[in-house]
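A short worksheet on the structure shown next.
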Amino acid sequence: MRVYITDLQAYNEGHLVGRWLELPVSKFELTQALSEVLNEGEVVSGTDNHEELFITDYEADIAIDEYDDIYKLNELAEIIDTLREDELLKLKLLSHEGYNEREVLTQGIDNYDVDIYDYSNDTSFTDIYELLAYDMVQEGLFGDVPTYLENYIDYGAIGRDLSYDYVEFEHGVVGRVA
């Protein structure tokens, strides 16, 4: 997670003073970086008592507001750094479906039941929902299908039906909240 923090008073006085922070960092490093930005803002604008910072840009897997608590973001970044790739996809799906990422991370991502199928490495031109239908038939989710009947299955039609329950939330990745 990266955030660009900006001195609010310097900004209001017409000066863009800030820096990118790569989170997570230690509390000491974070406090020092914030102080440096505020001190630089005082020097550049020629005024004293700069106290407020805001976030003007970010690169993260969660939505960030300009007035988010940077210390809490640092704690969230620590949690996100421990997530496996499948858990990160789960977080992205939940976020796409309107769940609050912070609540999900606080409550524990394993408390949410989701189905995710990742076709991002598939190089065929097959419809993603048709691929999902094929996988579900192969997994036996529609019961045992004898081999001699497999050629008669309309995977496109099954895929269209699955598209009502599953959503492509990232290129080549579909999922649903169960």
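What are the pairs with Cβ atoms under 7 angstrom where one residue, in the stretch 12-35, is in contact (Cβ under 8 Å) with a residue 12 or more places away in the chain and the other, located anywhere, is β-branched (V, I, T) and part of a loop (DSSP other than H, G, I, E, B)? Sequence gap at least six, or different chains.
E13/T47
Going by what's in this entry, would I128 be described as surrounded by 10 or more Cβ atoms within 10 Å (Cβ to Cβ), in contact with a Phe, Trp or Tyr (Cβ under 6 Å, 6 or more places away or on another chain), among the β-branched types (V, I, T) and not assigned by TED's automatic domain parsing to the domain that holds I70?
Yes, satisfied.
Taking I64, is it within 30 Å of Y11 (Cβ to Cβ), within 12 Å of the chain's Cα centre (by Cα) and of a type in the set (A, V, I, L, M, F, W, C)?
When the stated conditions are applied, I64 passes them.
Test E139 against the criterion of being in the same structural domain as I116 (by TED's automatic domain parsing), under 29 Å from the mean Cα position of the chain (by Cα) and modelled with pLDDT under 95, and give yes or no.
yes
The values are calculated or read from the model by the stated rules, or taken from the named source; none is laboratory data. Since the structure is predicted, the reported quantities are computational estimates derived from the model, not experimental observations. As a convention, Cβ positions derive from the backbone with ideal geometry for all residues, glycine included, and neighbour counts pool all protein chains shown.
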